[in-house]
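A.B. asks: Got a structure for you, written out below as structure tokens; questions coming shortly.
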Amino acid sequence: MSREKSKNYPTEFKTAAVKLVSESNLSISQIAQDLGVKEGTLQHWVRLTHQPRTTSKTIKSDDPLYKELKQLRKEVARLTEERNILKKAAAYFAKDHL
């Protein structure tokens, strides 16, 4: 079995093909056939275009947010416990005055 040499398509062509997929009512297979591109290749271009790109910079920039979220959750737990104690104390003292 011989493997076909992959073609390198210009970026403008790829962008136009993906735009055609998103804006037309034709199927990907029909558009791929019309453009002379393999269906799998066109599907790959569409997936790459619609996937959010994550980089290590994005992950690192979220780290302070996770730390803050963890701290805020601890604070909410502490405040909830304090509130529950105050509710019980208020109920106890209200019962004594009746």
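The values are calculated or read from the model by the stated rules, or taken from the named source; none is laboratory data. Nothing here was measured: the structure is a model prediction, and the numbers come from that model. No Cβ is skipped: glycine too gets one built from the backbone with ideal geometry, and neighbour counts run over all protein chains shown.
A.B. asks: Tell me which residues, restricted to region 16-34, are part of a helix (DSSP H, G or I), exposed (fewer than 15 other Cβ atoms within 10 Å of the Cβ) and either more than 23 Å from the chain's Cα centre (by Cα) or not small (Gly, Ala, Ser) (or both).
C.D. replies: Those that are part of a helix (DSSP H, G or I), exposed (fewer than 15 other Cβ atoms within 10 Å of the Cβ) and either more than 23 Å from the chain's Cα centre (by Cα) or not small (Gly, Ala, Ser) (or both): 16, 19, 23, 29, 30, 33, 34.
A.B. asks: Which ones in region 13-68 are small (Gly, Ala, Ser) and at pLDDT 85 or above? It would help to see each step written out before you state the result.
C.D. replies: Here is the first cut: in region 13-68, the ones small (Gly, Ala, Ser) are 16-17, 22, 24, 27, 29, 32, 36, 40, 56, 61.
Result: 16, 17, 22, 24, 27, 29, 32, 36, 40.
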